[in-house]
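The values are calculated or read from the model by the stated rules, or taken from the named source; none is laboratory data. All of these numbers come straight from a predicted model, not from anything done at the bench. As a convention, Cβ positions derive from the backbone with ideal geometry for all residues, glycine included, and neighbour counts pool all protein chains shown.
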Amino acid sequence: MKSKTIKVDYLARVEGEGGLSVKIKGDKVIEAKLNIFEPPRFFEGFLRGRKFTEAPDITARICGICPVAYQMSSSHAMETACGVSVEGQLRQLRRLLYCGEWIESHVLHIYMLHAPDFLGYQDAIQLAKDYPDVVNRALKLKKLGNDIVALVGGREIHPINPRVGGFYKVPKKEEMNALGERLKWGIDASLETIQLVTTFPFPDFEQDYEYVSLCHPDEYPLNRGRIISNKGIDISAAEFLNYFEEEHVKHSTSLHAKVKERGRYHVGPMARYNLNFDKLPEIAREAAIKAGIGEKCHNPFKSIIVRAVETLFACHEALQIIENYEIPDKPSIDVKPHQSTGHWCTEAPRGLLYHHYSIDDNGIITDARIIPPTSQNQKVIEDDLFHFVGKNMNLSDEELTWKCEQVVRNYDPCISCSCHFLKLNIERE
Amino acid sequence: MVDKLRPKLAVWKFASCDGCQLSLLDCEDELLAVAEAIEIANFPEASRRVLKGPYDVSLVEGSITTPHDAERIHKVRRLSKFLVTIGSCATGGGIQALRNFGDVKEYTRYVYANPEYIETLSKSTPISDHVYVDFELRGCPINKYHLVELISALLNNRKPNIPTYSTCIECKRKGIICVMVSKGLPCLGPVTQAGCGALCPSYNRGCFGCYGPKETPNTESLGKLWGQLNNTDEEIMRAFRSFNAYAEPFRKASESYEK
């Protein structure tokens with residue numbers, strides 16, 4: 001039987017570094033693996049012994065792309081442990097901060113990491129030579145997201161303003177209003193983004209996924225909601241570990257999460273969209289229908305359209321929050337520690353982010369557990385690779401290699417959250 | 001320092017969160033101009049294209065934590081005319097250097113079910129412990145304008161204009177009332193290098209040391225003052241032991257408060 005190996009040393013345009021290998025024998029795929037050898041950083045280990053108020057600052061450092069997600073999940077988990085809840089305008093400010101991160105992160109992925117694949121470019125800088133208007137729009141929209149994070153959070157990467165209980169300082173009304181016009185532009189730019197990505201050529205590839213995301217009775221989920229799936233899960237964050245578990249496999253320093261009873265599941269924009277379409281504002285629902293993805297979208301390559309729809313949602317939501325903003329009485333509420341445990345999930349740009357902490361009466365962390373979205377998606381990514389390669393054996397090795405990279409990029413994996421060094425290795429035996 | 005032709009830039013990642021290299025992509029207003037002036041020759045987070053070395057400038061993010069990376073950094077050094085470390089992980093070992101004060105085997109057992117799969121060094125160390133470093137940009141994360149200044153300085157064969165004085169100077173210049181004096185908030189500003197624009201004091205909180213120790217910091221005196229503000233030894237130890245825990249002045253300070 002013919003045997004050959006296709007090798008790409010580095011999978012580019014993902015956050016962090018990792019690898020993957022697909023073994024083929026004749027015309028059958030034998031194995032597809034996402035290899036992650038990110039040097040372990042042991043966050044859960046050294047969180048023990050730290051003060052509960054330090055968790056947002058420390059866990060932000062897990063990821064430079066989505067630090068807000070870590071700050072939100074950790075703050076909420078600590079507040080739950082301490083029996084308090086942040087409400088009103090402070091809660092809205094947190095939503096605004098998260099909208100900023102979604103915009104910044106989604107636009108980075110759509111235009112700079114994902115779109116070049118569809119248009120046949122190596123990167124966005126090459127793309128800018130032929131499509132300067134497109135790339136300039138992307139940079140302006142990304143900057144808008146970053147400026148929201150900087151206004152509410154203090155700075156774009158590793159914000160300093162969020163804390164357990166709220167914020168250190170809240171923005172002034174005029175500072176918020178200054179973003180209004182830009183967000184109106186952002187809504188238009190998001191609509192143009194949806195139009196653009198809809199024209200991309202998409203491979204015909206659909207899978208039967210178990211989608212898992214938060215679900216809130218009347219909001220598209222960011223910080224709150226029950227954890228639901230299209231296959232019957234409907235639980236609170238406190239029950240998370242009863243339904244999900246992590247495995248430690250040899251080829252990854254990022255633990256593989258699975259539904260205990262069934263195995264792989266899918267988190268992120270596609271999961272949120274399929275489980276919460278009716279919670280999107282009308283403008284986003286209409287744009288999605290017009291883009292032809294319907295209320296359900298099961299083609300992971302089309303996640304780029306879903307991300308664009310979510311960017312539109314985030315701009316729209318941010319504008320609503322700004323228009324209804326009243327300065328809260330206090331920048332934060334008091335949070336008194338006692339021996340307790342708190343669990344929480346929020347929706348990071350890449351999907352569900354679970355945090356769980358135990359603290360003692362002095363507020364010292366005695367136990368910590370963090371399950372980032374990328375480790376939850378690892379099994380789905382491997383499964384997509386397995387089936388995609390199986391259906392596309394006719395492609396040349398070069399083309400197949402690029403498409404396999406794209407299969408991984410569909411999930412916008414944040415390998416730094418969990419992993420490193422992506423090496424693509426297709427073996428044909 | 002750099003060629004007359006467009007100099008080639010490479011970006012390398014070791015143990016880190018990606019935030020510092022993301023700072024380059026966060027230069028939304030400057031990115032395309034930077035890409036005109038320099039050849040972004042090897043930047044996997046942004047491009048599939050890899051141009052062969054050697055490189056005129058290498059930006060190195062992250063700390064050394066595995067035997068493999070301890071080898072790889074030498075290869076990076078050989079390929080680089082000018083090597084710049086960016087961010088607290090690369091310049092000081094990063095938050096992951098907290099392992100240096102504990103038992104890494106215990107951490108591994110705590111986090112991973114099968115510790116035998118994990119290959120890691122007992123310490124997280126800065127790049128300068130392994131190879132010669134030409135320049136460093138501090139911060140967790142770095143200031144993106146420092147990055148633009150660095151690239152601009154290299155293109156013009158001049159020294160980058162990056163301050164090494166304390167955060168206090170920035171704070172005074174901004175006219176912020178001292179949070180330690182007026183509110184009794186513990187603040188690391190007097191011993192921390194400038195760079196963030198005294199962000200935390202302007203948000204009603206004390207500096208927590210993202211930019212690491214300034215030149216000749218008096219950590220002992222600051223520790224005493226923190227004690228007078230009713231902070232326990234353990235709290236003072238934790239303050240020095242965060243994102244720049246293994247940078248020598250902070251390491252010594254935290255160890256002096258260890259029971």
Inset, instruction - Output yes when any residue across region A:169-181 is surrounded by fewer than 17 Cβ atoms within 10 Å (Cβ to Cβ), touching a residue at least 60 places away in the same chain (Cβ under 8 Å), more than 11 Å from chain B (Cβ to nearest Cβ) and over 30 Å from A:Glu79 (Cα atoms), and no when none is. - result: yes
Inset, instruction - Can you confirm whether region B:54-61 contains a residue that is without any contact (Cβ under 8 Å) to a residue 60 or more places away in the chain, surrounded by fewer than 20 Cβ atoms within 10 Å (Cβ to Cβ) and part of a loop (DSSP other than H, G, I, E, B)? - result: yes
Inset, instruction - State which residue pairs qualify: first residue more than 10 Å from chain B (Cβ to nearest Cβ) and within 15 Å of A:Leu20 (Cα to Cα) and inside region A:247-261, second residue of a type in the set (Val, Ile, Thr) and part of a loop (DSSP other than H, G, I, E, B) in any location, beta carbons under 7 Å apart, and separation of 6 or more residues or different chains. - result: A:His256/A:Val249
Legend entry - Boolean, B:Leu32 is out of contact with any strand residue (DSSP E or B) (no Cβ under 6 Å at 6 or more places or on another chain) and buried (at least 20 other Cβ atoms within 10 Å of the Cβ): no
Inset, instruction - Hey, could you check region B:1-45 for residues that are touching a residue at least 24 places away in the same chain (Cβ under 8 Å) and of a type in the set (Gly, Ala, Ser) and say which is nearest to the other protein chains (Cβ to nearest Cβ)? - result: B:Gly19
Inset, instruction - Within region B:226-259, work out how many residues are part of a helix (DSSP H, G or I) and crowded, with 16+ Cβ neighbours inside 10 Å. - result: 11
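If only one of A:Ser213, A:Ser236 is touching a strand residue (DSSP E or B) at 6+ places or on another chain (Cβ under 7 Å), surrounded by fewer than 21 Cβ atoms within 10 Å (Cβ to Cβ) and modelled with pLDDT of 95 or more, which one is it?
Numbers: A:Ser213 fails: surrounded by fewer than 21 Cβ atoms within 10 Å (Cβ to Cβ).
From the options A:Ser213, A:Ser236, the qualifying one is A:Ser236.
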Legend entry - Inter-residue pairs, beta-carbon under 9 Å, first basic (Lys, Arg) and in region A:183-201, second at pLDDT 95 or above, 6+ apart: A:Lys184/A:Cys315; A:Lys184/A:Leu319
Legend entry - helices (runs of 4 or more DSSP H) wholly inside region A:22-87 that include at least 3 residues being within 18 Å of the chain's Cα centre (by Cα) and in contact (Cβ under 8 Å) with a residue 24 or more places away in the chain: A:55-60, A:67-82
Inset, instruction - Working only within region A:397-429, note down all residues that are in a loop (DSSP other than H, G, I, E, B) and modelled with pLDDT of 90 or more. - result: A:Asn410, A:Tyr411, A:Asp412
Inset, instruction - May I ask you to verify whether A:Gly342 is of a type in the set (Gly, Ala, Ser), out of contact with any Gly (no Cβ under 8 Å at 6 or more places or on another chain) and not in a strand (DSSP E or B)? - result: no
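Tally up the residues in region A:123-154 that are under 28 Å from B:Gly206 (Cβ atoms) and either touching a residue at least 24 places away in the same chain (Cβ under 8 Å) or surrounded by fewer than 21 Cβ atoms within 10 Å (Cβ to Cβ) (or both), please. Walk me through how you get there before you give the answer.
Just the residues of region A:123-154 that are under 28 Å from B:Gly206 (Cβ atoms), to begin with: A:146-154.
Still in the list and also either touching a residue at least 24 places away in the same chain (Cβ under 8 Å) or surrounded by fewer than 21 Cβ atoms within 10 Å (Cβ to Cβ) (or both): A:146-153.
Qualifying residue count for the region: 8.
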Inset, instruction - From the list B:Gly139, B:Gly102, pick out the single residue that is at positive phi and within 13 Å of chain A (Cβ to nearest Cβ). - result: B:Gly139
Inset, instruction - Identify, by number, the condition in (1) β-branched (Val, Ile, Thr); (2) touching a Gly at 6+ places or on another chain (Cβ under 9 Å); (3) within 27 Å of A:Arg272 (Cα to Cα) that A:Val380 doesn't meet. - result: (2)
Inset, instruction - Return the pairs, sorted by first residue and then second, in which the second residue is acidic (Asp, Glu) and surrounded by 24 or more Cβ atoms within 10 Å (Cβ to Cβ), the first residue lies in region B:195-219 and is facing chain A (nearest Cβ under 8 Å) and closer than 12 Å to A:His158 by Cβ, the beta carbons are less than 7 Å apart, and the residues are 6+ apart or on different chains. - result: B:Phe208/A:Asp57
Legend entry - Yes/no for B:Leu147 being modelled with pLDDT under 95, buried (at least 16 other Cβ atoms within 10 Å of the Cβ) and under 30 Å from A:Asn146 (Cβ atoms): no
Inset, instruction - Run B:Asn244 past the list (1) within 27 Å of B:Phe82 (Cβ to Cβ); (2) more than 12 Å from every other protein chain (Cβ to nearest Cβ) and report the number of the one that doesn't hold. - result: (2)
Legend entry - Filtered residues of region A:17-45 (kept if more than 14 Å from chain B (Cβ to nearest Cβ) and closer than 30 Å to A:Ala60 by Cβ): A:Leu20, A:Leu34
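Kindly indicate whether any position in region B:64-85 is assigned to a strand (DSSP E or B), within 12 Å of chain A (Cβ to nearest Cβ) and crowded, with 17+ Cβ neighbours inside 10 Å.
Going through region B:64-85, the residues assigned to a strand (DSSP E or B) turn out to be B:64, B:80-85.
Those left that are additionally within 12 Å of chain A (Cβ to nearest Cβ): B:64.
Filter once more, keeping what is crowded, with 17+ Cβ neighbours inside 10 Å: B:64.
So far as region B:64-85 goes, yes, one or more of its residues are assigned to a strand (DSSP E or B), within 12 Å of chain A (Cβ to nearest Cβ) and crowded, with 17+ Cβ neighbours inside 10 Å.
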Inset, instruction - Give just the number: which of (1) buried (at least 18 other Cβ atoms within 10 Å of the Cβ); (2) in a strand (DSSP E or B); (3) over 23 Å from the mean Cα position of the chain (by Cα) does A:Asp367 not satisfy? - result: (1)
Inset, instruction - Considering only residues that are among the hydroxyl-bearing types (Ser, Thr, Tyr) and at pLDDT below 95, look in region B:49-107 and name the one that is farthest from the chain's Cα centre (by Cα). - result: B:Tyr107
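What helices (runs of 4 or more DSSP H), lying completely within region B:154-217, carry at least 3 residues that are more than 21 Å from the chain's Cα centre (by Cα)? Quick ask: steps written out before the conclusion?
Details: elements: B:167-173, B:179-183, B:199-202.
Answer list for region B:154-217: B:179-183.
Counting only residues that are of a type in the set (D, E, K, R) and under 12 Å from B:Ala15 (Cα atoms), how many does region B:73-89 have? So that I can check it myself, show each step before the final result.
First pass over region B:73-89, keeping only residues of a type in the set (D, E, K, R): B:75, B:77-78, B:81.
Cutting the leftovers down to under 12 Å from B:Ala15 (Cα atoms) gives us none.
Of the residues in that region, 0 qualify.
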